[in-house]
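The values are calculated or read from the model by the stated rules, or taken from the named source; none is laboratory data. Note that the structure is predicted; figures quoted are calculated from it, not measured. Here the Cβ positions follow ideal geometry from the backbone for every residue, glycine too, while neighbour counts run over all protein chains shown. Side chains are part of the model used for accessible areas, which takes the heavy atoms of the whole protein and leaves out ligands, DNA and RNA. Shrake-Rupley method; radii C 1.70, N 1.55, O 1.52, S 1.80 Å.
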Amino acid sequence: MSTFILLHGNREVSSIAILISFRGAKYRKSIGESVQVKQWNARTKRVRVTQQTPENSIINDRLDEWEKAAERTVNHFRKYKSAPTQQEFIARLDQERWGKRDLDSTLLVPYFDRYVERYTGIRTNGQIKHYKTCKKTFAEFEEYIGKPIRFDDVDMEFYHRFIAWFNTKNYSINYLGEKIKMLKIVLNEAREIDHLHTNDAYLVKGFVTPQGESDTIYLSEDELLQIYRADISPETVAEIMEDKRPHNVERKVEAMRKARDMFLIGAFTGLRFSDYSRLRQQNFSDGVLRSRNKKTGISISVPVHWVVQEIIDNGYDFEHPLFEQKLNEQIKDVARVAGIDQDVLVTRNAGGKIIERTHKKYELISSHTARRSFATNAYKAGIPTIAIMKVTGHKRESTFLRYIRISENENTEMLKQSDFFKKPDCQL
């Protein structure tokens, strides 16, 4: 409920204030309007408009705008469990009234908009999308705790409460880690660049970015060659399709062949999808692939694998790559036709619980599997880590090594090749 009052009713001229009642609290703000007290109608809470004072209708119009802004402000705070502070309410009222004014600069969630605006066109569209999604997450958490989040609220108690709430949604621990990581980046920006707070409670050792071991698969060289040599023909493809009409089968064959070639180029170059999906014939010369990493801007050079060269020689269509979602759909069917169908036990931490499920291996393959396969196969082949990282774009070896997927048996076979375990030809 809102109304208007005169702040100085005993004077000849008085300024006008808006008074709003919400959840037992009262919020008052002078709105920058003044009126002759004798022209004020105490019953209607408006200025009297007469033949002598037609301009007073303009003041009443502005009072109407304030009343509408008050209604929108109250509606905004209804989603919170507790009443806002005077500062929070008035800041929101100003924003609703004037539109272009910033919200309270001590609030976390609105600051995400400033961060996104600042780095749009500088960061990739994918990165910007992640920050927009992160903003929604913390906006949801605001509703859960019943109040806006201030920069100074982010401490260890906040950290544990957020994790407990986030775990109820059964997301993976790595997805949780992504949210915490972005939160810390945004907090640092607000602290170091915009000087909006001096909170350092999130910089303590315990405020860590959760991270779990991933069961993400990779494909060995033999499996990649199995895919390369797979018989993707109308006969084999029709076996995995429900709709076996000839024209649909032909379209499916074309899409699967395209997906196979794109995926294998990624698996034998180590590029991200965003890089290998935009390659052109001009990127290949003298047996070397030269490209520029879209994410980091760093130049990359890698020898052209014989499989990639054969794909290009066979007329690979650089001009019409598949979208990532379509590639992810088709490559699973390619691997299925190729016989990559062994059972894989996948363990993941979701909502703080360990969940184990069995999948067919082809069900787990995606565009990202290509890059992970390159890193693992190159590592197994004995290529120096630093050389592989130059291609994959990893800056830290610890991050790169989490990419490597080697089974216990594979690790044992690699160890067997070391001279450390072999008896020397002659003993000193």
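Take ARG62 and decide whether it is open to solvent by 60 Å² or more (accessible area, probe 1.4 Å), outside any loop (DSSP other than H, G, I, E, B), without any contact (Cβ under 8 Å) to a residue 60 or more places away in the chain and over 21 Å from GLN86 (Cβ atoms). Here the answer is yes, as ARG62 does meet what is asked.
Within the stretch 286-298, identify whether any single residue is open to solvent by less than 30 Å² (accessible area, probe 1.4 Å), β-branched (Val, Ile, Thr) and not in a loop (DSSP other than H, G, I, E, B), and answer yes or no. Within the stretch 286-298, not a single residue is open to solvent by less than 30 Å² (accessible area, probe 1.4 Å), β-branched (Val, Ile, Thr) and not in a loop (DSSP other than H, G, I, E, B).
Which members of the stretch 308-327 meet the condition of being touching a Leu at 6+ places or on another chain (Cβ under 9 Å) and within 22 Å of GLY393 (Cα to Cα)? Listed by number, the list holds a single entry, VAL308.
Conditions (1) closer than 25 Å to SER14 by Cα; (2) open to solvent by 40 Å² or more (accessible area, probe 1.4 Å), marked per residue:
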position	(1), (2)
VAL47	yes, no
GLU55	yes, yes
ALA70	yes, no
LEU93	yes, no
PHE112	no, no
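Within the stretch 144-161, residues that are more than 19 Å from VAL208 (Cα to Cα) reach partners that are open to solvent by 30 Å² or more (accessible area, probe 1.4 Å) and not in a helix (DSSP H, G or I) with beta carbons closer than 8 Å, at six or more positions or on different chains, in the pairs ILE145/LYS81; GLY146/LYS81; GLY146/SER82; LYS147/LYS81; LYS147/SER82; ARG150/THR106.
Kindly indicate whether SER14 is open to solvent by less than 90 Å² (accessible area, probe 1.4 Å) and touching a helix residue (DSSP H, G or I) at 6+ places or on another chain (Cβ under 7 Å). The answer is yes for SER14.
Keeping to the stretch 107-152, report how many residues are within 20 Å of GLY177 (Cα to Cα), modelled with pLDDT under 90 and of a type in the set (Gly, Ala, Ser). Selection size over the stretch 107-152: 1. Note on the stretch 240-249: among residues that are without any contact (Cβ under 8 Å) to a residue 12 or more places away in the chain and outside any helix (DSSP H, G or I), the one that is nearest to ILE311 (Cα to Cα) is MET241. Checked against (1) part of a strand (DSSP E or B); (2) modelled with pLDDT of 90 or more, ILE354 meets all criteria but (2). Counting the residues of the stretch 361-370 that are over 20 Å from the mean Cα position of the chain (by Cα) and in a helix (DSSP H, G or I) gives 5. With respect to (1) polar (S, T, N, Q); (2) open to solvent by 50 Å² or more (accessible area, probe 1.4 Å); (3) touching a helix residue (DSSP H, G or I) at 6+ places or on another chain (Cβ under 7 Å), the lone exception for THR137 is condition (2). Within the stretch 268-285, being closer than 16 Å to GLN309 by Cα and open to solvent by 30 Å² or more (accessible area, probe 1.4 Å) holds for ARG280, GLN281, GLN282, ASN283, SER285. Residues that are under 21 Å from HIS76 (Cβ atoms) and among the small types (Gly, Ala, Ser) occur in the stretch 138-156; there is at least one. Looking across SER34, SER105, one residue alone is free of Cβ contacts under 8 Å to residues at least 60 places away in the same chain, hydroxyl-bearing (Ser, Thr, Tyr) and surrounded by 12 or more Cβ atoms within 10 Å (Cβ to Cβ). It is SER34.
To keep it simple, each residue is scored yes or no on (1) crowded, with 16+ Cβ neighbours inside 10 Å; (2) free of Cβ contacts under 8 Å to residues at least 24 places away in the same chain.
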residue	(1), (2)
ASN170	no, no
GLU192	no, yes
LEU196	yes, no
ASN199	yes, no
LEU203	no, yes
GLY206	no, no
THR209	no, no
LEU219	yes, no
